[in-house]
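Please treat every number below as a calculation from the coordinates, not as lab data. As the structure is a prediction and not an experimental result, all values here were calculated from the model. Backbone-built Cβ (ideal geometry, glycine too); neighbour counts: all protein chains shown.
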């Protein structure tokens, strides 16, 4: 059994519809394609049941973090809360990266809706994993030629 | 004057609505946020008029390529046509990258709609530019630590 971006979108949107406490216009197909790409570790273009289970476990745990930081029950979190949410999920970033994330994923009122929050976390997880996979000698530096660079960044 | 992702989305969707020969469900907000990120060379979170003009010129020229390859006038192009379209736009890729692009941007019938086509080209352009900017000594290899890697890939 393999899951496509369309199918993932249906599953995710059926779930968020039931959670009135999460503000979102739903997951865009483009977001789900990006998620499939980032979770698709065997390069099949879809995710298998194992990859879906991994994604699902992550989403449930990130949803708990989101709800915990949405202290005013607005259904969104602000950029300050986002910073702590990212830390709680175990991602260690610098200040510049926190700013970049807010700029990329916040809406025009500088708040982060649930679908953007999940997209951001999926990408963070995917990009940390890609870095570790390429840093074979573990020295904290990766060396890439242009084709390796494009292979990692175009399928995201 | 600066242009946000919402505004870019309105502009793009107003244009594609007038072109009945381009198959698309319209540009998703997520796609437009990604485009803003990739074109936002001064890191303001929006694009200025200069950056918008650059994007617009590119989109018009890519639209011409798209129409040229859509020989059966289906409003989409297939993965074989995509390969030639990418070449015509001046991007030199290897076979693995052509496959990756199809997997990432094609719909379930393996055709590429106009909005996905443009998103793919914006990302290719952005990623080639990012590589060149980092390859200061021009040796064709970039070296990145994890923060540099995330700065380049999270804002995309």
Label-to-label distances across copies for residue A:98, with labels 7 Å out along Cα→Cβ, in nm, shortest first? 4.7
How far apart are the residue B:14 label points across copies, placing each 7 Å from Cα toward Cβ, in nm, shortest first? 3.9
Taking Rh as the Kirkwood radius computed over C-alpha pairs, what is the Stokes-Einstein D of region B:73-156 at 20 °C in a medium of viscosity 1.002 mPa s, expressed in µm² per second? 151 µm²/s
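Take A:60, A:67 and order them by how many other Cβ atoms sit within 10 Å, fewest up front. Please report the intermediate quantities before stating the final value.
Values: A:60 10, A:67 16.
Arranged by neighbour count, lowest to highest, A:60, A:67 become A:60, A:67.
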Bin all alpha-carbon pair distances of the protein assembly as shown at 20 Å intervals from 0 and give each bin's fraction as a whole percent. 32, 62, 6
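Region A:61-103: D in µm²/s via Stokes-Einstein (Kirkwood Rh, Cα pairs, 20 °C, 1.002 mPa s)? Please list the in-between numbers first.
Values: Rh = 10.6 Å.
Using the Kirkwood radius from Cα pairs, D works out to 202 µm²/s.
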Contact order normalised by residue count of region A:1-88, Cα under 8 Å, 6+ apart, percent: 29 percent
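Taking only DSSP H segments of four or more residues, each worth -39500 (n - 2.57), what value at 222 nm results for the protein assembly as shown once the sum is divided by all its residues, to the nearest 500 deg cm²/dmol?
Details: 14 runs with 194 residues, N = 312.
After summing the helix terms and dividing by residue count, I get -20000 deg cm²/dmol.
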Residues of region B:100-125 with amide N under 15 Å of the 7 Å Cα→Cβ point at residue B:79: B:100-113
Using 0.36 nm times the number of residues separating residue B:95 and residue B:18, minus their current alpha carbon distance, what extension gain do you get? 24.2 nm
Which distance in Å, rounded to a whole number, links the C-alpha centroids of region B:31-59 and region A:21-65? 27 Å
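Considering all projection directions equally, how large on average is the shadow of the alpha-carbon convex hull of region A:1-121, in square nanometres? Could the numbers behind the result be given before it?
Working: hull surface 29.7 nm².
Over all viewing directions, region A:1-121 projects a mean Cα-hull area of 7.4 nm².
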Mind giving me the FRET efficiency for residue A:4 and residue B:64? R0 is 45 Å, r the Cβ-Cβ distance, nearest 0.05 is fine. 0.90
Ascending list, in nanometres, of distances separating the residue A:53 label from those of the other copies (7 Å, Cα toward Cβ): 5.6
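Mean 1/r over all different Cα pairs, inverted: what Kirkwood radius does region A:86-130 give, in Å? Could the numbers behind the result be given before it?
Details: mean 1/r = 0.0914 Å⁻¹.
After inverting the pairwise mean of 1/r, the radius is 10.9 Å.
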Relative contact order (percent) for chain A, with alpha-carbon contacts under 8 angstrom and 6 or more residues of separation? 24 percent
